[in-house]
1. In degrees between 0 and 90, to the nearest 10, how far off the longest principal axis of the chain does helix 404-421 point, with axes built from Cα atoms?
2. Give the cross-link partners of LYS303 among the aspartates and glutamates, using a straight C-alpha distance below 16 Å as the criterion and excluding same-chain residues fewer than 8 apart.
3. What order do you get for 386-392, 322-328 when each peptide is scored by the mean count of other beta carbon atoms within 10 Å, highest first?
4. Need the full-extension length gain, GLN463 to GLN396, defined as separation in residues times 0.36 nm minus the C-alpha distance. One decimal, nm.
5. Tell me whether the range 270-336 comes out rounded, prolate or oblate; compute the Cα gyration tensor, take square roots of the eigenvalues as a ≥ b ≥ c, and use a/c under 1.5 as the rounded threshold.
6. Provide the net charge surrounding TYR21, with neighbours chosen by a C-beta distance below 15 Å and charges set as Lys +1, Arg +1, Asp -1, Glu -1.
7. Stretch LEU207-GLN156 to full length: gain in nm at 0.36 nm per residue minus the Cα-Cα span?
8. If you plug each phi of the range 121-133 into the Karplus form 6.51 cos²θ - 1.76 cosθ + 1.60 with θ = phi - 60°, what whole-Hz ³J(HN,Hα) values come out, in order, with x for Gly and Pro?
Amino acid sequence: MQKVSTYAYAAIVNLYILLFYVSLQVESDFLLSILSIFGVLSLIFSLFYLPASKRMLPFFLIVLAFLILIMSDSSITVGIFEGFRQMTSLIAILLIVPIISWILREEPYIEKIMSFAGDFLNTSRRFYFGIMVITQILSFFLLFGSIQTVYQFIQQLLGERKGEAWENFKGTALLRAFSLCTLWVVSIPSFVFIVNFLDASLWLSMLQGGVISLCAVLLAVLFSYFEEKHYKIDITSALKEEIDRAIGGGDRGHLSREVVEFASLFVLIFGTIFFLHGVFGLEILEIIPPVILTYTLLYFVIKNKVKSLKKNMEFYFTGYARGKAQQFSILLSVGLVIVALNLSGWGETMIDGIIAIEGAVPFVNLLTLLPFIPMILSFFGIGPLPVLVLVGGVLQNVSLPYPPELLVLSITSGSVISALLSPFILPAIVLSSENGLSIFKNGFQFNIVYAAAFYLFVQMYLQLVSVAL
């Protein structure tokens, strides 16, 4: 019975996404109604698979949405039908994008890339920088799974080097790198959603976020220097010894087939996404899932790995969809809240309140305050994705005196700090499951000073640019 319900859930979620893409081509009120019904079924099944503790947030959001609709005399029927269509494109990204990780499990791409860069990674600062760069690149494919993947590789390389000092070195590099991905990585759902909803330029948002991310990486490398001095260890000498032992001279610096394949795959996938978006004007939220699905299937067919593809597909229709039940339930519930706030006009009232604070308090404006929304809510267990979705949905219908690209950076900088500090959201939890340190230590204790420096740096940029414009 459980197996049947699991297959039914996977079928419902995938039909929900399929109907969404059909509705983009066929205008039909009946089809939209069916899409909303599948959204309701997806939420019911998602809640069914969650333990009681993880149902609390979706239930709270659903009740909040209904209260807003009732108190504002808005149409509950319209709110329900529109609300369950609000998050379809984002659910498609959450479901489809991670399947590209199937490719990375087939061959030792990461090991070969690290071997290729072995001569560059022979000092502690360079290695720290290299970890952060490869984590951000892999996040295009693996999302927060890049933390586990890179950590496990580092453990193979430095397995004998243990203790808090080494875990600080490895953990801060990984957590800071992944946190910064939310500024510019196009396959991170929260980033692509906020860009789309605020009607910001994808190119400018990615360029701006990428430059800020690079500066923040260099800031992290500087912090790592002082952290190494604090722990009084010589990481460079140990690194040289372990890299010589693990990589050796034969593979180091060698441009292998795996490195070329990985680079080609990266360029093909994301080049296609940018081409379709830039030339044909297709919505970025809509094109990412089919592009990634197409290239993933092509990889297994071209490489003649049909058996491996079959095994992955079996998992896709059994445990994979169920593993995302919590994310789906939260997003579907957030969709209801966004529609309720927009129908009632309460969302615009909230932004007007923030703007009133801006006028009353010197040196404070919307760009200063927006980062605190995801930062504060993350300590209540609400991750950056639902928060950015909610904030973006509200800001979408409000006229603001700032370029949308600056609003994108302001909001996503808050999600960076959330991922760095909050002990209740996935990045720190995933890292702690790998290195055995407490979530508080991996997140807040190791990164509070860096997070404050990052916030000040981003605010300097935002305020200078906003004044110049």
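Throughout, read-outs are computed from the coordinates displayed, never taken from laboratory work. Here the structure is a predicted model, which means the values were calculated and not measured. With ideal geometry, Cβ positions are generated from the backbone for all residues, glycine too; neighbour counts draw on all protein chains shown.
1. Result, in degrees: 60.
2. Result set, ordered by chain and number: GLU106, GLU107, GLU258, GLU261.
3. With the highest mean Cβ count within 10 Å placed first, the list reads 386-392, 322-328.
4. On the way: separation 67, 0.36 × 67 = 24.12 nm, distance 2.16 nm.
Extra length from GLN463 to GLN396 when fully extended: 22.0 nm.
5. On the way: a/c = 4.53, a/b = 1.03, b/c = 4.41.
Taking the square roots of the gyration eigenvalues as a ≥ b ≥ c, the range 270-336 is oblate.
6. Values: positive: ARG85; negative: GLU27, GLU283, GLU286.
Within the 15 Å Cβ shell, the charges total -2.
7. Values: separation 51, 0.36 × 51 = 18.36 nm, distance 3.41 nm.
Taking LEU207 through GLN156 to full extension adds about 15.0 nm, to one decimal.
8. Couplings: 8, 9, 10, 4, 5, 5, 5, 4, 4, x, 4, 5, 5 Hz.
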